[in-house]
Amino acid sequence: MEENSNLTAERSLEIITEQIERSRQAVSKYTGWSLFVAGFCTMGISVVIAIINIVAVNAGIFLPFGHLLWALLPVVIWCFIRNAHKENEHVPVNFVGTLVNKIWWTFAVFAFGIYVFGSIVSGMVSMFYSPIEVGVMFSISPIIILLMMMTISITGHVLKKHWMVWFGITGSLLFVIISIVAGFLLSRFCTPQTVALWSYVAPCLYIFICAFVGLTLPGWLLKKQK
Amino acid sequence: MFQPLDPLLHAELRLAVMSLLISADEAEFPYIKEQTGATAGNLSVQVDKLSTAGYIEVEKTFKGKRPCTICRITDKGRQAFETYVEALKSYLSVSKS
């Protein structure tokens with residue numbers, strides 16, 4: 001671009017539009033990458049945790065050891081995002097990008113707080129009850145999943161993606177209904193082992209779906225946006 | 001009646017820099033250079049002019065061991081840009097009619 005002061009009004013407007021659009025696209029791609037990587041890591045970890053819990057239950061260990069891995073998630077996401085952004089480290093962040101980032105970090109802080117609190121309380125209660133009873137009584141995953149659905153809805157409002165808003169709302173309602181129905185059916189017709197297996201694996205499945213819809217998919221759409 | 005156009009903004013490269021910064025919180029020098037397609041020397045001169053006028057602020061810092069120049073638009077710059085766009089509108093409305 002040359003230093004030219006003899007601009008027409010049309011050319012000036014063209015420069016402004018072109019630069020704002022280029023900047024918007026670069027920032028969208030950058031934000032999209034962050035969401036995509038975060039979603040992908042969450043999905044990957046939820047699969048690993050589900051496998052560990054299934055193996056543990058099949059081995060007769062009725063403790064959701066796999067859930068301890070959730071503590072590693074922020075570190076894994078941070079490492080992957082840092083690595084993914086090495087090539088385009090100069091790209092700035094705009095207001096929308098910062099907002100989406102802060103919304104998800106707020107969710108992460110609250111979810112981690114609930115996770116730590118729940119782990120301590122269930123650890124204390126496990127001295128008096130069996131692991132299966134503790135798993136049923138002190139399941140923190142419904143709170144985290146509902147928080148995640150709420151975060152998806154807020155992200156949808158910020159990114160102006162109505163399908164995300166509606167996914168958060170209907171997903172929350174469906175989650176509550178499925179949990180009540182599944183809990184009732186499992187307690188009526190299944191063995192305690194099956195109930196334990198369901199309560200250890202189902203949160204991973206919900207979080208996998210939430211991460212796909214709330215992070216990976218919008219991230220991919222932003223990344224591919226032209 | 002035409003509103004006068006700010007001569008500092010009525011230049012291709014300076015206008016491009018301001019347009020980039022208006023939509024981002026802050027931007028690094030290599031990013032602005034890449035987006036505008038300007039040479040480092042020319043861009044540096046224009047950034048200095050905008051900085052002297054108080055339209056942008058330039059922060060020279062380090063990213064690890066590498067020097068890093070970050071540019072941010074100021075409130076004065078934002079106001080000047082808005083006034084410039086308003087003035088442009090008056091020209092465009094006349095040329096349309």
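The values are calculated or read from the model by the stated rules, or taken from the named source; none is laboratory data. Remember, it's a predicted structure, so these values are computed and weren't measured experimentally. Virtual Cβ from ideal backbone geometry, glycine too; neighbours counted across all protein chains shown. Accessible surface areas use protein heavy atoms only, side chains included; no ligands, DNA or RNA. Shrake-Rupley method; radii C 1.70, N 1.55, O 1.52, S 1.80 Å.
Per-residue ellipticity at 222 nm, computed for chain A from helices alone with -39500 (n - 2.57) per DSSP H run of at least four residues, works out to -27000 deg cm²/dmol.
Neighbouring Cβ atoms from other chains, within 10 Å of the Cβ of residues in A:91-104, number 3 on average.
Rounded to the nearest whole Hz, the Karplus-based 3J(HN,Hα) values (6.51 cos²θ - 1.76 cosθ + 1.60, θ = phi - 60°) of region B:55-60 follow the sequence 7, 9, 10, 10, 10, 9, with x at glycine and proline. Taking 7 Å steps out from each Cα toward its Cβ at A:Ala59 and A:Gln225 produces label points 4.5 nm apart.
Per-residue ellipticity at 222 nm from helix content only, as computed over chain B with -39500 (n - 2.57) for each DSSP H run of at least four residues, stands at -18000 deg cm²/dmol. Note on A:Thr17 and A:Met150: their simple-model spin labels are 4.3 nm apart, each label 7 Å out from Cα toward Cβ. With the simple model of a label 7 Å out from the Cα in the direction of the Cβ, A:Val121 to A:Phe95 spans 3.9 nm.
Counting pairs of alpha carbon atoms under 8 Å apart in space and at least six apart in sequence, what relative contact order in percent does region A:1-120 give? Provide the component values of the computation, followed by the final result.
Details: 46 pairs, mean separation 35.8, N = 120.
Relative contact order here is 30 percent.
In this view, the solvent-accessible surface of B:Asp48, computed with a 1.4 Å probe and all protein chains in place, comes to about 90 Å². Axis of helix B:75-96 versus longest Cα principal axis of chain B: the two differ by about 40°, to the nearest ten degrees. Take each residue in A:147-160, count the other chain C-beta atoms within 10 Å of its C-beta, and the mean is 0. Note on the protein assembly as shown: with charges restricted to the Cβ of Lys and Arg (+1) and Asp and Glu (-1), its dipole about the Cα centre is near 520 debye.
Using a Förster distance of 22 angstrom, determine the FRET efficiency expected from the C-beta separation of A:Leu173 and A:Phe212, and round it to 0.05. Don't skip to the end; give the middle numbers.
Working: r = 19 Å, r/R0 = 0.85.
Computed FRET efficiency for A:Leu173 and A:Phe212 comes out at 0.75.
Between A:His85 and A:Ser187, what is 0.36 nm times their sequence separation minus the Cα-Cα distance? Round to one decimal in nm. Show your work: numbers first, answer last.
Details: separation 102, 0.36 × 102 = 36.72 nm, distance 4.75 nm.
Contour length minus Cα-Cα distance gives 32.0 nm.
With every protein chain kept in the model, how would you rank A:Ser34, B:Ser19 by accessible area, 1.4 Å probe, largest at the top? Can you show the working numbers first?
On the way: A:Ser34 25, B:Ser19 0 Å².
Sorted descending by solvent-accessible area, the residues read A:Ser34, B:Ser19.
Extension gain, B:Ser90-B:Glu34: 0.36 nm per intervening residue step, less the Cα-Cα distance, totals 17.0 nm. A cut-off of 5 Å between modelled amide H atoms, ignoring neighbours fewer than 5 places along the same chain, links B:Cys68 with B:Thr61, B:Phe62, B:Lys63.
List the DSSP H helices in chain A whose Cα atoms stretch 18 Å or more along the helix axis and whose mean Kyte-Doolittle hydropathy is at least -1.0.
Details: long enough: A:9-58 (73 Å, 0.66); A:95-125 (44 Å, 1.51); A:141-159 (26 Å, 1.87); A:162-189 (39 Å, 1.67); A:192-211 (29 Å, 1.32).
Qualifying helices: A:9-58, A:95-125, A:141-159, A:162-189, A:192-211.
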